[in-house]
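Peer 1: Attaching a single structure in structure tokens format; questions to follow.
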Amino acid sequence: MVDIAQQAAIHPASASNAGAARAPVPLTTIDPGQWRALAQRAIEPNAYYLPAWEFAVSASARGRAEASALSAFDASSTRLIGLMPVISLWRARKIPLPALVSAHPYGTLCSPLIDRGLPIEAAATLLQQARDAGAHALVLTDVALDGAAMNALRQILSRTGLKPRILSCYVRASLDAAQEGETLLREALGSRKLKELRRQRHRLEEHGPVMFEVARKPDEIRPALEAFLQLEASGWKGRRGTALVQHAGDATFIRRAVPALAETAQCEVVTLRAGTTPVAAGIVLRHQDRAFFFKLGIDERFARHSPGVQLTLDLTRHLCADPAISSADSTANADHPMINPIWRGRFAIGDVLIPLRRHDPMVAVIHGALSAHGAVYAKARRMVRLLRK
């Protein structure tokens, strides 16, 4: 198997030929300043593709290091207008077929960064780069199906008689932060549920005054992050061996990414304390006017007081009171039992197969292989769940 994401030309283009279609380059060769500027102009926010986050992921995160990137520049060859981190289909799924796949950014959103001023040009160049790399298809995982980035790609495909194929999809929770917080919570949960949650909060106060804290500055965020990591590892994720701090590469990634994003006001750690004891904590990323609820950790000794829900209620009020935030992505699974009743907005997320040439028989082969792989994976997950019961 030839890994087309790594064997293709990987040297940065010079200024004289940067506007031409180029094969994927190592993610680390993308200029951070150009990347940050593109993120500010992106047609659709995606905090998981911010440079500080992705550089940290690619440097050390378990199974996610050393990604490549499709990149697009404007006609002057001086401004980055599109970026799509990718890996080969072989690396992503162990399928030896010529396709590129979204590089998973340790978050559940892989919508590419596309310049809002030149969305069609950027989308067209990204697709051409994939062709030049020898790919017959692009597999975008965890993209917003109705998002602006996907719409730009659809427009380019339609001009050449191509259509994206949805491989899987689900609907997940989001927050309309333009609403008033208390009104939103009352409409979402109802007076009876809110009364029960207030009762639980009063019981939590028996362990000390309950305080909601937001760490933003680098010197504040480091100790808050360590408290989060300890909470996450103390619960079910720790028992399953999936907590961030349990793997050296993942721990290095998160300890690098969170402070780096805090320096540009794009990350905060929220903590709920009962007295001096942290009972719940979460990491929240920010990109443009959208927040992303990355992860939540709780102290299960306080489970009867619903610390995760209590933290989410305070986070909801916090985001709704912030004029810079208009929406928040829960980044949660479908039908998440904690977040879905609170954040009642919904949007579609899915995996999409993008054919790169008309009447290409290889696309059907890739599609079939992905479908078979998905069926095997789903069966394996069901077996794991049964074994854990």
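Peer 1: Which residues in region 337-364 have a backbone N closer than 13 Å to a point placed 7 Å from the Cα of THR160 along the Cα-to-Cβ line?
Peer 2: What the label zone holds, given the 13 Å backbone N cut-off, is 354-360.
Peer 1: Counting only complete DSSP H runs, which helices of the chain cover 27 Å or more along their long axis at the Cα atoms and score a mean Kyte-Doolittle of -1.0 or above?
Peer 2: Values: long enough: 361-388 (41 Å, 0.52).
Sorted by number, the helices that extend far enough and score high enough are 361-388.
Peer 1: Given the convex hull of the Cα atoms of region 97-217, what is a quarter of its surface area in nm²? Present the calculation step by step, with values, prior to reporting the outcome.
Peer 2: Working: hull surface 51.5 nm².
Orientation-averaged projected area of the Cα hull: 12.9 nm².
Peer 1: Give, as a single signed number, the net charge of other residues whose beta carbon lies under 12 Å from the beta carbon of LYS295, with Lys and Arg counted +1 and Asp and Glu -1.
Peer 2: -1
Peer 1: Name the residue farthest towards the positive end of the dipole of the chain from the options GLY350, ILE43, ALA144, assuming +1 on Cβ of Lys and Arg, -1 on Cβ of Asp and Glu, about the Cα centre.
Peer 2: My answer, from the dipole projection, is GLY350.
Peer 1: Count the lysine pairs in the chain that are 8 or more places apart or on different chains: how many have C-alpha atoms under 27 angstrom apart?
Peer 2: So the count of such lysine pairs works out to 12.
Peer 1: To the nearest 0.05, how large is the calculated FRET efficiency for GLU205 and ARG41 if R₀ is 41 Å and r is the Cβ-Cβ distance?
Peer 2: Using R0 = 41 Å, I get an efficiency of 0.35.
Peer 1: Charges on Cβ only, +1 for Lys and Arg, -1 for Asp and Glu, centred on the Cα centroid of region 291-345; of PHE293, MET338, SER327, which one is farthest towards the dipole's positive end?
Peer 2: MET338
Peer 1: If you place +1 on the Cβ of every Lys and Arg and -1 on the Cβ of every Asp and Glu, how big does the dipole about the Cα centre of region 69-172 come out, in debye to the nearest 20?
Peer 2: 340 debye
Peer 1: Report, in debye and to the nearest 20, how large the dipole of the chain comes out about its Cα centre when Lys and Arg carry +1 and Asp and Glu carry -1 on their Cβ.
Peer 2: Details: 49 positive and 35 negative charges, 292 e Å.
Here the chain has a charge dipole of around 1400 debye.
Peer 1: Can you compute 3J(HN,Hα) from phi for each residue in region 294-303, using the Karplus curve 6.51 cos²θ - 1.76 cosθ + 1.60 with θ = phi - 60°, rounded to whole Hz and x for Gly and Pro?
Peer 2: 6, 8, 10, x, 9, 8, 5, 5, 9, 4
Peer 1: Highest mean first, what order results for 147-153, 31-37 on Cβ atoms within 10 Å?
Peer 2: Numbers: 147-153: 22.0, 31-37: 14.6.
Put in order of decreasing packing, that is 147-153, 31-37.
Peer 1: Go through ARG154, ARG273 and list them by solvent-accessible area, largest first, probe radius 1.4 Å. Don't jump to the answer; show the numbers that get you there.
Peer 2: Numbers: ARG154 75, ARG273 55 Å².
Greatest to least solvent exposure: ARG154, ARG273.
Peer 1: Shifting gears a bit: Counting helices only, and only those DSSP H runs with n ≥ 4, report the 222 nm mean residue ellipticity of the chain as the sum of -39,500 (n - 2.57) divided by its residues, in deg cm²/dmol to the nearest 500.
Peer 2: -13000 deg cm²/dmol
Peer 1: Say each of HIS336 and THR78 gets a label point 7 Å from the Cα, pointing the same way as Cα to Cβ; how far apart are those two points in nm?
Peer 2: Here the answer is 4.3 nm between the modelled labels.
Peer 1: Ok, one more. Which whole-percent values make up P(r) of region 36-134 when all C-alpha to C-alpha distances are grouped in 10 Å steps starting at zero?
Peer 2: Pairs per bin, as whole percents: 16, 47, 32, 5.
Peer 1: Here's another thing I want to ask about it. Quick one: grab the alpha carbon gyration tensor of region 222-353, order the square roots of its eigenvalues as a ≥ b ≥ c, and give me rounded if a/c is under 1.5, else prolate or oblate depending on whether a/b is larger than b/c.
Peer 2: Verdict is rounded for region 222-353.
Peer 1: Round to the nearest 10 and report in Å² the accessible area of ILE325, as given by a 1.4 Å probe over the protein chains' heavy atoms.
Peer 2: 10 Å²
Peer 1: Now for a separate question. With +1 on each Lys and Arg Cβ and -1 on each Asp and Glu Cβ, how big is the dipole of region 95-242 about its Cα centre, in debye rounded to the nearest 20? Mind showing how you got there, number by number?
Peer 2: Details: 21 positive and 17 negative charges, 118 e Å.
With Lys and Arg at +1 and Asp and Glu at -1, about 560 debye.
Peer 1: Rg and Dmax in Å for the chain, alpha carbons only: what are they?
Peer 2: Final numbers for Rg and Dmax: 21.6, 68 Å.
Peer 1: While we're looking at this one, here's another question. Please sort 136-145, 293-302, 356-365, 339-348 by packing, taking for each peptide the average over its residues of neighbouring beta carbons within 10 angstrom, highest first.
Peer 2: Ranking, from highest mean packing down: 136-145, 293-302, 339-348, 356-365.
The values are calculated or read from the model by the stated rules, or taken from the named source; none is laboratory data. Keep in mind that what you see is a predicted model, and the values were worked out from it rather than measured. Here Cβ is always computed from backbone atoms with ideal geometry, including for glycine, and neighbour counts include all displayed protein chains. Protein only, heavy atoms only, side chains kept; ligands, DNA and RNA dropped before computing areas. Shrake-Rupley method; radii C 1.70, N 1.55, O 1.52, S 1.80 Å.
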